[in-house]
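Have a look at the structure below, then the notes.
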Amino acid sequence: MQAAWVNGISTDQIKVADRGICYGDGVFETIAVVDGRPQLLSQHLSRMRSSLERLGFPEGIESAIESDLALLPFEGDQTLKLIVTRGDGIRGYMPPQEVSATRVVTLTDRVINNDRADRGIATRLCNYRLPLNPALAQLKHLNRLDQVMARNEWHDPNIAEGIMLDSEGFVVEGTMSNLFWLNSATGELQTPLIDRCGVKGVMRDHIISLLQREDIRVVEGRFAPSVLSEASEAFVCNSLIGIWPIIALDRNHYKIGSMTRKLQSILARELD
């Protein structure tokens, strides 16, 4: 079941001249609803507000979204998606001086795949590389063609995720997730720096805050894919899946380690 609202009205239609459709001019957030409660909602709204500011949207949209959310029938396990576009506009790339944003909210039933969280997943290294674009780095903007191109590289149902590099060959993220690993040589938990491309995930930042609270050191940096061969354990994360341990990346194989299990346990308590 999926229900949809546009600007607070129950409908699944928006105008064909909407800049979100024409140019990908907007941002979105995807949020897990567990037992009728949206998870990490304040963090998602904060990222959306920051993203809208960077794209030059007017203030006040967040309050309208909060009004939209107050009307939603949250129950059980669902996926909440929030989309904000720059609204209708005349033909051409130049944004209208008077912006009337379009707010799209969808609510979908969600099936939780605990098997992947328990047993881990196989992954692959993608051939498609993310272009460097610091101006749009970190944002969850509506143009996801980079991820579409990468995800179209494989159709093997046994491979759950692809790991993406940037145009200089550094590890960035998964097609739908962020990536962490434990470097067996240094003993450090490491994750790519998201400053030139990629999405700065809400779950990624939440996990980093949990690590800091637990006095576990995590290093953000630029890493060549060879560092993944030195990892003793690795996992991907996002707001819907939580943490999925990686048991294989092409020819590299990993055990589901104590660090990954500890973080899964902490995260489960945090979001209970």
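Observations on the structure shown:
- When 91, 110, 217, 151 are compared by accessible area of protein heavy atoms, the largest-first order is 91, 217, 151, 110, using a 1.4 Å probe.
- Kirkwood hydrodynamic radius of the stretch 38-125, from inverse mean 1/r over distinct Cα pairs, in Å: 15.8
- At a probe radius of 1.4 angstrom, the accessible area of the chain per residue rounds to 50 square angstrom.
- Scattering profile of the stretch 160-272 at q = 0.15, 0.17 Å⁻¹ [log10 I(q)/I(0), Debye over alpha-carbon scatterers]: -0.58, -0.76
- Max mean-square fluctuation residue, GNM over the chain, Cα-Cα springs under 10 Å, options 128, 93, 254: 93
- Expected 222 nm ellipticity per residue - DSSP helices of 4 or more, -39500 (n - 2.57), all of the chain, to 500: -7000 deg cm²/dmol
- Rg to Rh, two decimals, where the stretch 96-235 supplies the alpha carbon set and Rh follows Kirkwood: 0.99
- Element breakdown for the stretch 1-150 at a 1.4 angstrom probe: carbon and sulfur atoms account for 52% of the accessible area.
- Volume of the convex hull of the stretch 1-151 (Cα atoms only), normalised per residue: 143 Å³.
- D (Stokes-Einstein, µm²/s), Kirkwood Cα radius, the stretch 7-84, 1.002 mPa s at 20 °C: 157
- Residue 103 - accessible surface, heavy atoms, 1.4 Å probe, Å² rounded to 10: 40
- Among 62, 75, 168, 233, the order of accessible area from largest down is 75, 168, 62, 233, computed with a 1.4 Å probe on protein heavy atoms.
- Surface composition of the stretch 153-263: carbon and sulfur make up 50 percent of the accessible area, probe 1.4 Å.
- Solvent accessible area, Å² - residue 41, 1.4 Å probe, full protein context: 50
The values are calculated or read from the model by the stated rules, or taken from the named source; none is laboratory data. Because the structure is a prediction, the values reported are computed rather than measured. SASA here: full protein model, heavy atoms, side chains in, ligands and nucleic acids out. Shrake-Rupley method; radii C 1.70, N 1.55, O 1.52, S 1.80 Å.
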